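The values are calculated or read from the model by the stated rules, or taken from the named source; none is laboratory data. Small disclaimer: the values here were computed from a predicted structure and weren't measured. FYI the Cβ positions are ideal-geometry reconstructions off the backbone, even for glycines, and counts take in every protein chain you see. When the accessible area is computed, the model is the full protein with side chains, heavy atoms only, and any ligands, DNA or RNA have been set aside. Shrake-Rupley method; radii C 1.70, N 1.55, O 1.52, S 1.80 Å.
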There are 2 protein chains.
Amino acid sequence: MIPEKVMKSLSVSTPSKIVLLVLDGMGDIRRGGLTPLEAAATPNLDRLARESSLGLTDPISPGITPGSGPAHISLFGYDPIRYQIGRGILEAAGIEMALTSDDVATRGNFASMDSEGKLTDRRAGRIPSEENRRLIELLSRSIREIDGAEVILKTVKEHRFVAVFRGKGLDGRVADTDPQVLGRVSLDPEPLAPEAAKTAEIAKKFIKRMNEVLKNERPANTGLLRGFAKLPEIPSMRELFKLKPACIATYPMYRGLASLVGMEMLKTGETIADEFATLKERWAEHDFFFIHVKKTDSYGEDGNFPAKVKVIEEVDRSLPTLLGLKPAVIAITGDHSTPCALSAHSWHPNPFLLRSDYVRADGRGRFSEAECARGCLGRMSACEAMPLMLGNALKLEKFGA
Amino acid sequence: MIPEKVMKSLSVSTPSKIVLLVLDGMGDIRRGGLTPLEAAATPNLDRLARESSLGLTDPISPGITPGSGPAHISLFGYDPIRYQIGRGILEAAGIEMALTSDDVATRGNFASMDSEGKLTDRRAGRIPSEENRRLIELLSRSIREIDGAEVILKTVKEHRFVAVFRGKGLDGRVADTDPQVLGRVSLDPEPLAPEAAKTAEIAKKFIKRMNEVLKNERPANTGLLRGFAKLPEIPSMRELFKLKPACIATYPMYRGLASLVGMEMLKTGETIADEFATLKERWAEHDFFFIHVKKTDSYGEDGNFPAKVKVIEEVDRSLPTLLGLKPAVIAITGDHSTPCALSAHSWHPNPFLLRSDYVRADGRGRFSEAECARGCLGRMSACEAMPLMLGNALKLEKFGA
């Protein structure tokens, strides 16, 4: 991919508008002869495909199955190996906590231990979110600060919470405390680099104080911390691409990811139609829109082929709203594949469709994995999607004389 | 390609089995309208192709013709530019010498010189291997050690031998002594880095003593040393990919290459059927098998189109043995192309076939260069083949959350 320094020197702000529509986990493999994309009735997508360039994108590199974090980072035009987002940061971003560069965020689990401190349930019986909120309030009242670092605790849901340590000189290179098996005492948060000694010490004291506060609680009488991480030092999309970007997503994690690269979060409803309605309402305010559809992935994870087909058809029905706005560039793709047969994310490349007034249209009448495999964009890295969108929107100047 | 550190963090050991079948130099260009792959009757390969993903792989990068060393290193999942295997090491590995990290290996040629020391034949008339063995015995008896370094000499064949210097602090950065032209005296083994001064001095003394021992021999009265090299510091396939790999190959050089990345050498016979029989016998013991078929390359080098076709057909007849074992993943490819029209290795990308329960099958009914060019894997670097095989064998965890 092109170096960031070069990208910054080429990108220019123009009025042209780009829409990146991501159907999470869209790509699939065949079952009973068809993939969900092939099985779905998608007249609007198919019409669009005919006047688009098609291709396949590898989220990270061939054979590698990505989590949602790196898969989106790549789609947003960043090197997903260079910008690895820690679990703690993802969890905090997911509940839209505003983090600063002084923060170390961790993903917490409420857990149960016996009188000897040995873990009996790593998830405290998946306590209800209500109970989680009560415990977080209790802990927040008792533990506000440790060794000069502010302690910020937030409920996620069920047994999951976020613990953020905020202070100068903190470092994310601290080991998980979760031993991953029952019958053992939780591990000490060991520093993984000398610079993280202070942070590890604060985390250790936090755990001790948490255990005191929770000692008479049941079943959640302790907590485990994982994924210590700081905010990545990632340039914003405004800085790198001169865009004024917005995110339309219903799920917190994707909103969080988008906020990490500087997108504005647009308030939207719960349905796909709501998301497209938001696009229309806010059309004048931005020049880049990331629309995220979650349920293709959720049904892929469930192995629910017919439901995945229905979500694709629902998107197709909403597509005219998008087309009516006449964006300069439309890209439609997945972040990664989630084949129903695997009920999990996979390494399969994503179908990718690119429409602008300047594409070499493939003239293929379907939007599917197989048609994209024969498209003129060939197989490329997902992190090249953003430069391609910008190029097609005439937002990149010539490189060199 | 994905950094090794990331690969190590993702790879997991599972019972699923992978077979990588390499037809050396398989890829070709058309002569009389067909390539050898297209001309061959390959009903089993064609049936397999129908349910596989196809693509083309560049051994190094477009336009670059590789030797067998880098071409295989790439197929084994390593960066062939980073891990360049010196000629001396390749020659020693080829005769299955057990090398240590204290060794500097060189490729030797017996040669002829006149009374003034000027070279008259750089290969000493390609003396018979028997004569080579006699001379190596003579030299080995006289020269056992120089300046504290052990000297180990082994016959390869005809005029070729290996000289290994074994001792602490040796360095491979020493220049060849072969002037590459007749009528000149052989060059001094000059150090190419200050750290190699000691090694160069040892080599110089070795050459002087060798010339004394050989002074009354004819035609081989001297020797030339090339390709001074140490073992590369290459992580094993076990370390990098968590595999328990095995090599089935009849030619020493490929066995040597495989041993450099930690494969177990399986004893096998001389024919292709023998190699597949070995696969079946040793099936339970390993989770990764590299099977190497040499003669496609040999006949390519000879420009012998019909013989190359016959080797491909012979592999096809043995294929049912492999298919019957039901590997989780089958990859069939070449290391590089060896077009009959060039009688040499070439830069043309390799046909690549990948079969697993999870591939997006292309449904193409032939395995050939042209069909692979239209396959859904597109064109990729050969060093991505290993991550793809691992992904398809479900041997890689998710990257990031």
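What the table shows:
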{"quantity": "Conditions (1) of a type in the set (D, E, K, R); (2) within 14 Å of another protein chain (Cβ to nearest Cβ); (3) farther than 17 Å from residue A:179 by Cα: number failed by residue A:133", "calculated": "(2)"}
{"quantity": "Residue that is surrounded by the most Cβ atoms within 10 Å (Cβ to Cβ), among those in the stretch B:276-294 that are in a helix (DSSP H, G or I) and without any contact (Cβ under 8 Å) to a residue 40 or more places away in the chain", "calculated": "B:278"}
{"quantity": "Scope the stretch A:116-151; condition outside any loop (DSSP other than H, G, I, E, B) and under 23 Å from residue A:184 (Cα atoms); matching residues", "calculated": "A:118, A:119, A:120, A:121, A:124, A:125, A:126"}
{"quantity": "Flag if residue A:70 is modelled with pLDDT of 95 or more and farther than 20 Å from residue A:289 by Cα", "calculated": "no"}
{"quantity": "Qualifying positions in the stretch A:282-340 - within 14 Å of another protein chain (Cβ to nearest Cβ) and of a type in the set (Asp, Glu)", "calculated": "A:297, A:301, A:335"}
{"quantity": "Search result, residues across the stretch A:164-177 that are of a type outside the set (Val, Ile, Thr), touching a helix residue (DSSP H, G or I) at 6+ places or on another chain (Cβ under 7 Å) and not in a loop (DSSP other than H, G, I, E, B)", "calculated": "A:165"}
{"quantity": "Test: residue A:254 is within 19 Å of the chain's Cα centre (by Cα), touching a residue at least 12 places away in the same chain (Cβ under 8 Å) and either closer than 25 Å to residue A:238 by Cα or in a loop (DSSP other than H, G, I, E, B) (or both)", "calculated": "yes"}
{"quantity": "Single condition residue A:14 does not satisfy, out of (1) touching a strand residue (DSSP E or B) at 6+ places or on another chain (Cβ under 9 Å); (2) among the polar types (S, T, N, Q); (3) within 22 Å of residue A:247 (Cα to Cα); (4) away from every other protein chain (no Cβ under 14 Å)", "calculated": "(1)"}
{"quantity": "Residues of the stretch A:72-116 satisfying the condition of being aliphatic (A, V, I, L, M), within 10 Å of chain B (Cβ to nearest Cβ) and closer than 20 Å to residue A:155 by Cβ", "calculated": "A:89, A:90"}
{"quantity": "Of all residues in the stretch B:22-32 being buried (at least 24 other Cβ atoms within 10 Å of the Cβ) and not β-branched (Val, Ile, Thr), the one that is farthest from the chain's Cα centre (by Cα)", "calculated": "B:28"}
{"quantity": "Condition check for residue A:317: surrounded by 17 or more Cβ atoms within 10 Å (Cβ to Cβ) and of a type in the set (D, E, K, R)", "calculated": "no"}
{"quantity": "Any hit, the stretch B:322-341, residues being farther than 26 Å from residue B:53 by Cβ and in contact (Cβ under 8 Å) with a residue 40 or more places away in the chain", "calculated": "yes"}
{"quantity": "Selection count, the stretch B:378-401, where residues are at the interface with chain A (Cβ under 7 Å from one of its Cβ atoms), within 25 Å of the chain's Cα centre (by Cα) and of a type in the set (A, V, I, L, M, F, W, C)", "calculated": "3"}
{"quantity": "For residue A:69: the one exception among (1) within 10 Å of another protein chain (Cβ to nearest Cβ); (2) more than 17 Å from the chain's Cα centre (by Cα)", "calculated": "(2)"}
{"quantity": "Flag for residue A:93 being at pLDDT 95 or above and buried (at least 24 other Cβ atoms within 10 Å of the Cβ)", "calculated": "no"}
{"quantity": "Filter result for the condition that a residue is buried (at least 21 other Cβ atoms within 10 Å of the Cβ), touching a residue at least 60 places away in the same chain (Cβ under 8 Å) and of a type in the set (Val, Ile, Thr), over A:100, A:35", "calculated": "A:35"}
{"quantity": "Residues (surrounded by 15 or more Cβ atoms within 10 Å (Cβ to Cβ), charged (D, E, K, R) and free of Cβ contacts under 8 Å to residues at least 24 places away in the same chain) located in the stretch B:175-209", "calculated": "B:190, B:204"}
{"quantity": "Residue tally, condition on the phi < 0 side of the Ramachandran plot, open to solvent by 10 Å² or more (accessible area, probe 1.4 Å) and more than 26 Å from the chain's Cα centre (by Cα), over the stretch A:113-131", "calculated": "8"}
{"quantity": "Whichever residue in the stretch A:41-58 is within 16 Å of residue A:21 (Cβ to Cβ) and within 13 Å of chain B (Cβ to nearest Cβ) and, among such residues, is surrounded by the most Cβ atoms within 10 Å (Cβ to Cβ)", "calculated": "A:57"}
{"quantity": "Any chance residue B:267 is of a type in the set (Lys, Arg), open to solvent by 30 Å² or more (accessible area, probe 1.4 Å) and part of a loop (DSSP other than H, G, I, E, B)", "calculated": "yes"}
{"quantity": "Members of the stretch A:343-377 that are away from chain B (no Cβ under 14 Å), open to solvent by less than 40 Å² (accessible area, probe 1.4 Å) and part of a loop (DSSP other than H, G, I, E, B)", "calculated": "A:356, A:359, A:365, A:367"}
{"quantity": "Any chance residue A:172 is farther than 22 Å from residue A:17 by Cβ, open to solvent by less than 40 Å² (accessible area, probe 1.4 Å) and out of contact with any Phe, Trp or Tyr (no Cβ under 9 Å at 6 or more places or on another chain)", "calculated": "no"}
{"quantity": "Filtered residue count, the stretch A:210-222, keeping only those that are surrounded by 21 or more Cβ atoms within 10 Å (Cβ to Cβ), outside any loop (DSSP other than H, G, I, E, B) and aliphatic (A, V, I, L, M)", "calculated": "1"}
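So that you can scan it fast, the table gives a plain yes or no per residue for (1) hydrophobic (A, V, I, L, M, F, W, C); (2) in contact with a Pro (Cβ under 6 Å, 6 or more places away or on another chain); (3) farther than 30 Å from residue A:295 by Cα:
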| residue | (1), (2), (3) |
| --- | --- |
| A:179 | no, no, yes |
| A:187 | yes, yes, yes |
| A:205 | no, no, yes |
| A:210 | yes, no, yes |
| A:217 | no, no, yes |
| A:230 | no, no, no |
| A:235 | no, no, no |
| A:245 | no, no, no |
